[in-house]
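First up is the structure itself, then whatever we jot down about it.
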Amino acid sequence: MFRLRRKKGQGAIEYLFMIAAALVIILIAVRYVGQSTGTASQQADIASLQSQAELAKSTLTAAGVWNDNYNVKLDDTKNILSIENNGNPVWNATATHESEYESLQIGSNSLTGGNGIPLSDVYNTCSSGGDNAKAACYVLADLGNGHKV
């Protein structure tokens, strides 16, 4: 009868490979969970800002200054964010989060140039959760803390 002889230590090497494979699987799982956690916290931040934006819309509506034809402008020299009706300010607020939105551009409109950005565009951008959502929500949050002119 023939018997296969195993070399001593061969079983140990096989166990090392199995342990290495298990560690690789664990590392992949940890990395995936870490990325998912980061995405979830970003979504929570946007959701919180969208809630603040909804409160701001309620405040502006109650004050009678919510109109889709009004524009939002930023005077970065005075740190003032305003809602304007045909170039006339109807609402002013301190630009508390100016660094978050000073370069906001929606379509061809910007906060600092021309007529500003239509209020409805700022709101829709915030609600969409897209690229400029965070900046647009900060604009609305700051406007919610303003006052009638």
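If you go through the range 123-143 one residue at a time, do you hit one that is in a loop (DSSP other than H, G, I, E, B) and either of a type in the set (Val, Ile, Thr) or farther than 21 Å from SER51 by Cα (or both)? No, that holds for no residue. Of the residues making up the range 68-100, those that are β-branched (Val, Ile, Thr) and either open to solvent by less than 30 Å² (accessible area, probe 1.4 Å) or at pLDDT 90 or above (or both) are VAL72, ILE80, ILE83, VAL90, THR94, THR96. Checking ILE13, ILE19, ILE28 one by one, the residue that is open to solvent by 90 Å² or more (accessible area, probe 1.4 Å), modelled with pLDDT under 80 and over 30 Å from GLY116 (Cβ atoms) is ILE13 and no other.
Looking across the range 57-114, just one residue is assigned to a helix (DSSP H, G or I), of a type outside the set (Ser, Thr, Tyr) and without any contact (Cβ under 8 Å) to a residue 12 or more places away in the chain, and that is ALA62.
The values are calculated or read from the model by the stated rules, or taken from the named source; none is laboratory data. Note that the structure is a prediction, hence the values are computed from the model and not measured. Here the Cβ is made from the backbone with ideal geometry for all residues, glycine too, and neighbour counts use every protein chain on show. Surface areas here come from the heavy atoms of the whole protein model, side chains and all, with no ligands, DNA or RNA. Shrake-Rupley method; radii C 1.70, N 1.55, O 1.52, S 1.80 Å.
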